[in-house]
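The values are calculated or read from the model by the stated rules, or taken from the named source; none is laboratory data. Small disclaimer: the values here were computed from a predicted structure and weren't measured. FYI the Cβ positions are ideal-geometry reconstructions off the backbone, even for glycines, and counts take in every protein chain you see. Quick note on the areas: whole protein, heavy atoms, side chains included, nothing else; ligands and nucleic acids left out. Shrake-Rupley method; radii C 1.70, N 1.55, O 1.52, S 1.80 Å.
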Amino acid sequence: MKQEHIGRTVSIRGSVVDAAFDDYLPEIAHVLLTGEGRDIVLEVLEHVNASTVRCIAMTATQGLASGEPVLDTGRTIEAPVGKRVLGRMFNVFGDTIDNAEPLDDGERRSIHREPPPLEQQATSAEVFHTGIKVIDLLSPLERGGKAGLFGGAGVGKTVLIMELINNMVGGYEGVSLFCGIGERCREGEELYREMRDSGVLKNTVMLFGQMNEPPGARLRVGHAALTMAEHFRDDQRQDVLLLMDNIFRFIQAGMEVSGLMGRLPSRLGYQPTLATELAGLEERICNTATGAITSVQAVYVPADDFTDPAAVHTFGHLSSSIVLSRKKASQGLYPAIDPLQSGSSMLVPGVVGERHYRLAQDMRSTLAEYEELKDIIAMLGMQELSREDRMVVRRARQLERFLTQPFFVTEQFTGHSGRMVSMEKALDGAERILNDDFADNPEQDFYMIGGVDEVNKRTDDQDDGDAEGAEEAA
């Protein structure tokens with residue numbers, strides 16, 4: 001029979017608890033249980049001396065008194081793995097929180113794992129096709145890489161995340177994993193309901209370390225999500241799309257824990273271990289010979305200051321940046337991605353090819369020229385522009401509308417059936433618009449379509465409708 005190691009609490013300061021053990025010292029990251037029903041969960045963070053450990057609480061510590069017994073479980077926090085987790089919602093401990101049957105049996109793995117060694121990681125750069133035109137053309141994601149999704153409330157961030165999940169399941173036969181770090185309870189509940197109603201939940205796993213939970217739980221929920229993702233990549237040999245909202249909340253939780261532990265802060269109050277904590281999480285996101293974990297992370301930039309240490313350290317890990325624009329959303333141009341502010345390290349001739357690189361540069365140039373001409377158009381009107389400038393404006397407005405796309409997950413709201421557009425069709429459409437193949441088409445023909453071949457079909461349908469209307473009038 002396994003011997004139980006029991007100590008006692010000697011100090012309680014909010015979420016920080018010191019526990020003393022006689023002739024024994026629990027290891028770092030071990031889970032300790034205390035409280036009346038052993039319902040208060042602690043994680044060992046430091047060895048204070050030969051008999052005392054300092055822990056961070058994963059649950060609320062109300063009612064805990066000094067001198068209460070503390071049990072060392074002899075293990076770290078573990079997350080359930082395998083296909084049984086699909087379609088379910090979990091907390092940091094791997095307990096289900098969706099009011100369905102609990103997962104009692106089956107394999108569980110420690111959330112504290114090392115990144116794959118370099119010799120196991122794939123070295124070739126490969127584009128991850130999302131089926132979303134504006135991302136694939138101007139800010140392509142890296143398979144096994146990390147993309148930052150910058151956007152505030154109401155610009156379509158959740159819808160974009162849901163469409164990425166839908167396309168991942170359909171296009172890559174992979175699984176999607178949503179990890180909410182510091183999420184509002186309302187947002188998590190809404191996302192769960194929308195995923196269930198749109199039919200993408202059955203191939204998705206959701207984990208939440210909610211805003212009202214202690215900082216220790218928010219700090220570890222990302223590791224729990226990665227443990228589940230690694231099992232699908234390494235054991236099931238599947239591609240995984242990992243969506244994290246919000247990576248800044250992970251850094252913020254680490255800052256709170258560091259402050260509670262009494263560590264001397266570094267610049268702007270951040271924890272001195274910021275770089276290593278973030279790297280410990282981010283470096284586990286990579287592709288190996290068996291599969292890839294591709295991550296899209298929502299990134300909050302404090303006070304829009306891109307020199308903030310949290311933003312600087314996060315940018316160091318990202319291979320793509322997708323910027324959502326409130327201005328685009330107000331014009332009804334969805335997905336509301338700003339093509340001029342978004343970018344990717346994959347957009348080089350050696351990775352995407354010479355044709356894709358050239359077209360992307362031409363698109364950016366055309367859209368940038370249009371931005372510069374907007375002030376003149378607002379003051380003097382289109383008539384005062386030169387013929388060449390008018391052609392640039394026409395191409396740019398056609399491109400803007402071509403980069404919109406109907407999503408599968410919004411079919412029931414918009415009435416437009418969803419489209420997943422191949423890279424070849426997206427490139428062909430952009431090239432034909434830039435070559436003035438559609439000089440006589442109104443810009444509205446390009447709004448909410450898939451491939452550019454739908455433009456002529458829409459025009460034909462409109463002509464048939466006009467002819468029918470004329471006959472009826474006659």
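Using the Karplus relation 6.51 cos²θ - 1.76 cosθ + 1.60 with θ = phi - 60°, the per-residue 3J(HN,Hα) values for segment 136-148 come to 5, 7, 10, 8, x, 7, 9, 5, x, x, 10, 10, x Hz, with x marking Gly and Pro.
Residues in segment 1-139 average 50 Å² of solvent-accessible surface per residue, probe 1.4 Å, ligands and nucleic acids excluded. Across the options ALA329, HIS317, GLN405, the greatest Cα extent toward the positive end of the charge dipole of segment 298-413 (unit charges at beta carbon of Lys, Arg, Asp, Glu) belongs to GLN405.
Across the chain the C-alpha pair distances fall into 20 Å bins from zero in the proportions 22, 48, 22, 7, 1, 0 percent. Give me the net charge for the shell around GLY418: Cβ to Cβ below 15 angstrom, other residues only, Lys and Arg +1, Asp and Glu -1. Taking every other residue near GLY418 into account, the sum is -2. How much of the DSSP bridge set in the chain is antiparallel, in percent, rounded to the nearest 5? Of all bridge pairs located within the chain, approximately 55 percent are antiparallel.
Here is how the number arises for the chain: DSSP H runs of 4 or more residues each give -39500 (n - 2.57), the sum is divided by the residue count, and the result at 222 nm is -11500 deg cm²/dmol. Roughly to the nearest percent, how much of the accessible area of the chain is carbon and sulfur, given a 1.4 Å probe? Carbon with sulfur: 48 percent of the solvent-accessible area. For HIS313, the shell of other residues with beta-carbons less than 12 Å away shows a net charge of -2, using +1 for Lys and Arg and -1 for Asp and Glu. Computed about its Cα centre, the charge dipole of the chain is approximately 1240 debye, with only Lys, Arg, Asp and Glu carrying charge at their Cβ.
For MET211, put the label point 7 Å out on the Cα→Cβ axis and report which residues of segment 231-254 keep their amide N under 18 Å from it. Answer for this model: 244-254.
Here segment 67-107 is treated with +1 on each Lys and Arg Cβ and -1 on each Asp and Glu Cβ, and its dipole about the Cα centre works out to around 240 debye. The residue among GLN238, TYR370, CYS185 whose Cα reaches farthest toward the positive pole of the charge dipole of the chain, with charges on the beta-carbon of Lys, Arg, Asp and Glu, is CYS185. Hydrophobic long helices, here whole DSSP H runs in the chain with Kyte-Doolittle means of at least -0.5 and Cα atoms spread over 18 Å or more along the helix axis, are found at 157-172, 215-234, 247-260.
FRET efficiency for the SER330 to SER51 pair, using the beta carbon distance and R₀ = 51 Å, is estimated at 0.25.
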